[in-house]
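Student: Supplied in structure tokens, the structure appears directly below.
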Amino acid sequence: MVSNADRLGVDLGDVQGVVLSHGHFDHAGGLAGLAGRRGVRGLPMTVHPQVWTRRRLAPPGLDPSELPTLSRRALESEGFQVIERRQPSLLVDGHVLITGEIDRTTDFERGMPPSHQGWNGSGWQHDPLVLDDQALVVHVRGRGLLVLTGCGHAGAVNIARHALRLTGVDRLHALIGGLHLGGPAFEPVIPPTVSALTELAPDLVASAHCTGWRAQGALALALPDAWVPSSSGTSFRLAA
């Protein structure tokens, strides 16, 4: 992340805090060197308490493969001040909302397949929900909510509806980030997800990361005026 920020001309010295979307290593493995750019220790990092969960992939017929697990001690030694919060909280003088743990209310966003397992202290069990998944929300005055996801393990529709309930705002302005709709386990979820997002009628959908090509195509067809392609380094400016 630090290397990419240099290439993009992003001044990481301006970073005031970090929010981890969840504990999967591909969302937390690039943090080395970030705190050092501030020149001071104690850069706040907000995480869900279950971000430290040991997890593994155990596909049928194959040996299980344990995923790298976050270490609080390592993060603190890197210069972060780790803050665990399950409930919603606010950043940047109250202008940015961290959802905290997200309500699962839809009947079609059922989470990870049985091969995704978590350690419960005495054994491995199916971990479908990835309860540490959280998102960021900003109310763009006169436009509605901007919802920024990491992977969207809670479900894109669950996340958007949760943000609307938390804030009392009745309009979704933009949805940006991973929607986790790629691969055989998640492609059946594409039609109801696209249908629900169409009803929410966002002005901008920039789906990335684990969304998958089939979902991207479905979103582009259903929301032609809102969907835009996104990639690493893409930036968006949303104004009140």
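Student: Given a cut-off of under 8 Å on Cα pairs at least six residues apart, what relative contact order in percent is computed for the range 2-222?
Tutor: Numbers: 439 pairs, mean separation 33.1, N = 221.
Relative contact order here is 15 percent.
Student: Only sites in a loop by DSSP and with at most 15 other Cβ atoms within 10 Å count here; which trypsin sites (Lys or Arg not before Pro) in the range 37-78 make the cut?
Tutor: Those satisfying the criteria are Arg41.
Student: Also, quick follow-up: Considering only Ser231, Gly33, Leu179, whose Cα is most displaced toward the positive end of the charge dipole of the chain, charges sitting on Cβ of Lys, Arg (+1) and Asp, Glu (-1)?
Tutor: Positive-most Cα among the choices belongs to Gly33.
Student: Mind checking the full-extension length gain between Leu57 and Leu91? Use 0.36 nm per residue of separation minus the Cα-Cα distance, one decimal, nm. List each step's numbers first, then the result.
Tutor: Values: separation 34, 0.36 × 34 = 12.24 nm, distance 3.39 nm.
Gain in length upon complete extension: 8.8 nm.
Student: Helix-only estimate, please: 222 nm mean residue ellipticity of the chain, summing -39500 (n - 2.57) across DSSP H runs of length 4 or more and dividing by its residues, to the nearest 500. Spell out each step's value before the answer.
Tutor: Working: 6 runs with 51 residues, N = 240.
It lands at -6000 deg cm²/dmol.
Student: Residue by residue through the range 140-147, what is 3J(HN,Hα) from phi via Karplus (6.51 cos²θ - 1.76 cosθ + 1.60, θ = phi - 60°)? Round to whole Hz and write x for glycine and proline.
Tutor: Values, residue by residue: 8, 3, x, 10, x, 8, 9, 10 Hz.
Student: Provide Leu90, Leu172 in ascending order of the number of other Cβ atoms located within 10 Å of each residue's Cβ, fewest first. Can you show the working numbers first?
Tutor: On the way: Leu90 11, Leu172 23.
Least crowded to most crowded, the residues run Leu90, Leu172.
Student: Let me know the charge dipole size of the range 2-222 about its Cα centre in debye, to the nearest 20, where only the beta-carbon of Lys, Arg (+1) and Asp, Glu (-1) is charged.
Tutor: Values: 19 positive and 21 negative charges, 49 e Å.
So the dipole magnitude of the range 2-222 works out to roughly 240 debye.
Student: Assuming a viscosity of 0.692 mPa s and a temperature of 37 °C, what translational diffusion coefficient in µm² per second does Stokes-Einstein assign to the chain, Rh being the Kirkwood radius over Cα pairs? Display every interim value, and only then the final one.
Tutor: On the way: Rh = 18.7 Å.
Reported coefficient: 175 µm²/s.
Student: Can you tell me what share of the DSSP beta bridges in the chain is antiparallel? A percent to the nearest 5 is fine.
Tutor: On the way: 18 of 35 bridges.
Bridges in the chain that DSSP calls antiparallel: roughly 50 percent.
Student: A follow-up question, please. Spelling out what I want: for every residue of the range 20-36, take phi, set θ = phi - 60°, compute 6.51 cos²θ - 1.76 cosθ + 1.60 (Karplus), and round to whole Hz; glycine and proline get x.
Tutor: Taking θ as phi minus 60°, the curve returns 8, 5, 5, x, 4, 4, 6, 10, 9, x, x, 7, 4, x, 5, 4, x Hz for the range 20-36.
Student: Using the Karplus curve 6.51 cos²θ - 1.76 cosθ + 1.60 with θ = phi - 60°, what ³J(HN,Hα) values do you get for each residue of the range 223-234, in whole Hz, with x for Gly and Pro?
Tutor: Running phi through 6.51 cos²θ - 1.76 cosθ + 1.60 with θ = phi - 60° gives 10, x, 8, 10, 6, 9, x, 9, 8, 4, x, 5 Hz.
Student: Size of the dipole of the range 28-122 about the Cα centre, Lys and Arg at +1 and Asp and Glu at -1 on the beta carbon, nothing else charged, in debye to 20?
Tutor: Values: 12 positive and 10 negative charges, 63 e Å.
My answer is approximately 300 debye.
Rule-based calculations on the coordinates, nothing more; no lab input. Predicted model only: the values in this text are computed from it and were never measured. Cβ atoms come from the backbone with ideal geometry, glycine included; neighbour counts cover every protein chain shown.
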